[in-house]
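Enquirer: The structure's right below; bear with me while I get my questions together.
Taken together, the values in this text are just the output of simple stated rules run on the coordinates, not laboratory data. Because the structure is a prediction, the values reported are computed rather than measured. Glycine also receives a Cβ, built like all others from the backbone with ideal geometry; neighbour counts cover every protein chain displayed.
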Amino acid sequence: MTMDGFEEQLRTGPGDHAVPDISEAAAAAGLLDVAFTTVPSPVGELLIAVTPRGLVRVSYLDGALDATLDALAARVSPRVLAAPRRLDPVRRELDEYFAGARRRFDLALDWRLAQGFGRRVLQATAAIPFGAVSSYGAVAAAAGSPRAARAAGNALGANPLPIVVPCHRILHAGGGLGGYTGGVERKRVLLALEGRGAVTQRR
């Protein structure tokens with residue numbers, strides 16, 4: 001089957017009953033580069049997406065499904081298809097994390113949406129363990145530029161893999177919450193889940 005046979009069904013929502021058959025046929029034909037689904041969570045509905053390399057996107061949807069898919073199509077591949085079963089391992093680990101039964105993620109990650117210094121910042125952030133916190137300056141230093149705390153903050157604000165790459169564990173040097181791509185209330189919830197409920201926003 002050619003790509004033309006799937007174009008009208010690309011990005012079909014996860015609730016469409018035809019999706020599993022379409023996604024498996026597309027994968028078998030080599031026409032599925034990005035598989036996605038949406039999942040509920042205690043911090044809102046998430047879009048999760050994988051490529052053959054690994055998890056490439058976790059996004060707080062907030063009603064922006066089309067925009068998120070458009071960005072994936074532009075930056076990764078236009079062959080984007082809802083394929084919920086291919087996301088089962090990611091969904092399972094997220095469920096375990098939110099239930100308090102998982103302290104680290106064991107998922108292959110596709111880092112292509114972050115480059116250069118930003119990728120190094122995110123990789124340093126990924127090494128921060130559950131229940132621990134760090135600072136913008138510390139991750140900047142770990143990424144090779146100790147004076148680039150502001151640039152590290154920008155990289156964390158553009159984190160394509162929140163929760164799994166735990167940018168919520170990065171605080172101001174004085175201990176204040178700082179910013180967060182999904183909003184500081186979500187950051188507060190994630191920190192509380194990890195036993196850091198006393199952290200407050202810096203004034």
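Enquirer: When GLU93, GLU45 are ordered from fewest to most other Cβ atoms inside 10 Å of their Cβ, what list results?
Expert: Ascending number of Cβ neighbours within 10 Å: GLU45, GLU93.
Enquirer: What is the range 104-186 by shape, rounded, prolate or oblate, if you read a ≥ b ≥ c off the alpha carbon gyration tensor as root eigenvalues and call it rounded for a/c under 1.5, prolate for a/b larger than b/c, and oblate otherwise?
Expert: Rounded shape, in that the Cα axes give a/c under 1.5.
Enquirer: Among rounded, prolate and oblate, which fits the range 32-132 when a ≥ b ≥ c are the square roots of the eigenvalues of its C-alpha gyration tensor, a/c under 1.5 means rounded, and a/b larger than b/c means prolate?
Expert: oblate
Enquirer: Could you give each residue of the range 140-145 its phi-based ³J(HN,Hα) in whole Hz, using Karplus coefficients 6.51, -1.76, 1.60 with θ = phi - 60°, and x for Gly or Pro?
Expert: For the range 140-145, the Karplus curve yields 4, 5, 5, 8, x, 9 Hz.
Enquirer: Another one. Can you tell me how much longer the chain between GLN123 and VAL184 gets when fully stretched, taken as 0.36 nm per residue apart minus their C-alpha distance, in nm with one decimal?
Expert: Difference between extended and current length: 19.8 nm.
Enquirer: Apply 1/(1 + (r/R0)^6) to the Cβ-Cβ distance of ASN154 and GLN115, taking R0 = 22 Å, and write down the FRET efficiency to the nearest 0.05.
Expert: Given R0 = 22 Å and the Cβ-Cβ separation, E is 0.95.
Enquirer: Rank by packing, highest mean first: peptides 103-109, 114-120, 51-57, with packing defined as the count of other Cβ atoms within 10 Å averaged across residues.
Expert: 51-57, 114-120, 103-109
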